[in-house]
Amino acid sequence: MIPPKPVPREGRVSLLRYLRLFRRDILSAQPARLYRAWMATFRAPFLRSALVNDPRLVREVLEVRAHDFPKSPRVTSGLALLLGRSVFVTNGAEWARARALIDPVFAGGRVKDSFPAMLAAAQAAADRVQPGAWEAEAAMSHATADVIFRAMVSRPIDDADAAAVFAAFRGHQRAQPVLHPGALLPFLPRWHGARARATAATIRGLIARMVDARAAEVAAGTAPDDLVTRLMQARDPATGQGFSAGDLADQVAIFFLAGHETSAAALSWALWLLAAHADVQDQLAAEAAAFAAAPGFPALASMPVTRDVVREALRLYPPVPMMVRQARQAERFRGRAIARGCQVVISPWHLHRHERLWEDPDAFRPERWGTEAARASAREAYLPFSAGPRVCPGAGFALTEAAVILAVMLARWRFAVDPARLPVPQAQLTVRARDGIWLVAAPRA
Ligand code: HEM
């Protein structure tokens, strides 16, 4: 079964129509030619953008000359309510200072320290599954919020908090479009609606409670060694300075959001793909049974099917479908003039399904990862975690967490698709399904 793909828009559209389509879903607003083109430019009175699929240019923008293509303020301003001035949205020296404090928190063997949190959250998620119709997105959001919560503050997230955050984040994505007229007309101040403010306040309230409780424990010398304690204690080796209290809440906000929303999206799609491919699901379940019998961090290294399913799910449904940068100066891309201030879009969604860069790009074929052809394609066009200096610092964490959750779930449950409710991919900030991802769950013998 070919995994669902948004129907691209047909032909040219006016700026107004494009904005309307974009607001609903940034994927189906795009034309089909982006799956074949190396580059496409868009020009309107206050907006110039260039989507680049040429691997050489992608490397140039993200890695070689990352400094000349900072994150676009037109997009990051939309995230301000949720993320304040976290590392995800800043640029230049402010970004570099924060990143220097964050990288050691995830460095080297530190992901292993979070393995018990991942395992406990995965087991709790498998306990919550009920036989029959089962919606994967809410369940995986709960599971991954629980993982990051346990890894950050050494305790599980309350059921009520998990449900509130899931609803608030979904509501926020709908209430707060990634691009809105305020972003197009840069001289207008950014305006946030009441609904976006309310949903952001729910999420930020949860984070503020977490940070305040931990600050008291650090002061009393009773804080456990977890991600939040490490962030609070992180110091810049050059200056000896750490995060201020306000900065810390913003950084914890991005860890919490980037750390669970993306992983939840990836896992929900991975479960749907497994449900639609019973043969692959059986292979993964065999690895899962061995893992569940003696779960441990080292066992993850001998689970090739699980690893390739995660890679393939991230290829077909990259949780971050597009990344937007802004050209600091005039450029020439593929012989075309790119004006200063042009929005440069890198689209993992299109790169991962590019017809000239992948064989059979829309098919779910985890076994492709054993071939040299796929590895060559991946070197050119596989960016689920971005690349270069702003590469996702949580990539190792996310890959480990995904393998643990899939293995624990599949050791206990068998999933089938519900043919009457096929998911329709739709993206605002992350790639989700328009009406959820419905599966049918049955206990494994
Ligand atoms: C499957 C799961 C994940 C995916 C697909 C993912 C993907 C990404 C991508 C594509 C970016 C770059 C965005 C851009 O440059 O515009 C990013 C940045 C980031 N991610 Fe992740 N991520 C995942 C999980 C995590 C986790 C688990 C954490 C932390 C616990 C995390 C923390 C961050 C942070 C802090 C940044 C900002 C880095 C910077 O700008 O320097 N992510 N992620």
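Quick notes on this one:
- Distance between segment 385-413 and segment 192-242 - C-alpha centres, whole angstrom: 23
- Over the chain, dividing the summed -39,500 (n - 2.57) contributions of all DSSP H runs of at least 4 residues by the number of residues returns a 222 nm mean residue ellipticity of -15500 deg cm²/dmol.
- Simple spin-label estimate for Asp279 and Thr371 in nanometres, 7 Å along Cα-Cβ: 1.4
- The residue list Gly296, Met118, Ser386 was ranked by how far each Cα lies along the charge dipole of the chain toward its positive end, using unit charges on Cβ atoms, and Ser386 comes out on top.
- Each of Asp362 and Arg332 was given a label point 7 Å from its Cα along the Cα-to-Cβ line. The distance between the two points is 3.8 nm.
- Estimated vicinal HN-Hα couplings, Hz - segment 118-123 in sequence order (Karplus 6.51, -1.76, 1.60; Gly, Pro = x): 5, 5, 5, 5, 5, 5
- Per-pair calculated FRET efficiency, R0 = 22 Å: Ala290 and Asp225 via Cβ, rounded to 0.05: 0.15
- Over the chain, the ratio between the Cα radius of gyration and 2.2 N^0.38 Å evaluates to 0.95.
- Cleavage-rule hits (trypsin sites (Lys or Arg not before Pro)) in segment 361-445: DSSP loop, at most 15 neighbouring Cβ within 10 angstrom: Arg434, Arg444
- Karplus 3J(HN,Hα) series, Hz, for segment 78-87 with 6.51 cos²θ - 1.76 cosθ + 1.60 (x for Gly, Pro): x, 9, 4, 4, 7, 10, x, 10, 6, 4
- Here the Debye sum runs over all C-alpha atoms of segment 273-315 as equal scatterers in vacuum, and log10 of I(q)/I(0) at q = 0.23, 0.25, 0.33, 0.35 Å⁻¹ comes out as -0.78, -0.88, -1.16, -1.20.
- Phi angles of segment 428-438 translate, via the Karplus equation with coefficients 6.51, -1.76, 1.60 and θ = phi - 60°, into HN-Hα couplings of 10, 7, 10, 7, 10, 10, 4, 10, x, 10, 8 Hz per residue; Gly and Pro are given as x.
- By other beta-carbon atoms within 10 Å, ranking Arg315, Arg174 with the fewest at the front produces Arg174, Arg315.
- Ranking of Met322, Met39, Met1 by neighbouring Cβ atoms within 10 Å, starting from the fewest: Met1, Met39, Met322.
- The stretch between Val13 and Arg99, if pulled fully straight at 0.36 nm per residue, gains 26.9 nm over its current Cα-Cα span.
- Here is the P(r) of segment 373-445: all C-alpha pair distances, binned every 10 Å from 0, give 15, 27, 39, 18, 1 in whole percents.
- Taken about its Cα centre, the chain carries a charge dipole of roughly 1980 debye when the Cβ of each Lys and Arg holds +1 and the Cβ of each Asp and Glu holds -1.
- Pairwise Cα inverse-distance average, inverted: Kirkwood Rh of segment 245-334 (Å): 16.2
- Fewest-first ordering of His67, His352 by other beta carbons within 10 Å of each residue's beta carbon gives His67, His352.
- C-alpha center-to-center spacing [segment 356-372, segment 281-309] in angstrom: 22
- Among Val52, Tyr317, Leu271 - extreme Cα towards positive end, dipole of the chain, charges at beta-carbon: Val52
The numbers here are math on the coordinates, done by the rules we state, and not lab data. Keep in mind the model is a prediction, meaning the values are calculated, not measured. In this analysis, Cβ positions are derived from the backbone assuming ideal geometry, glycine residues included, and neighbour counts consider all displayed protein chains.
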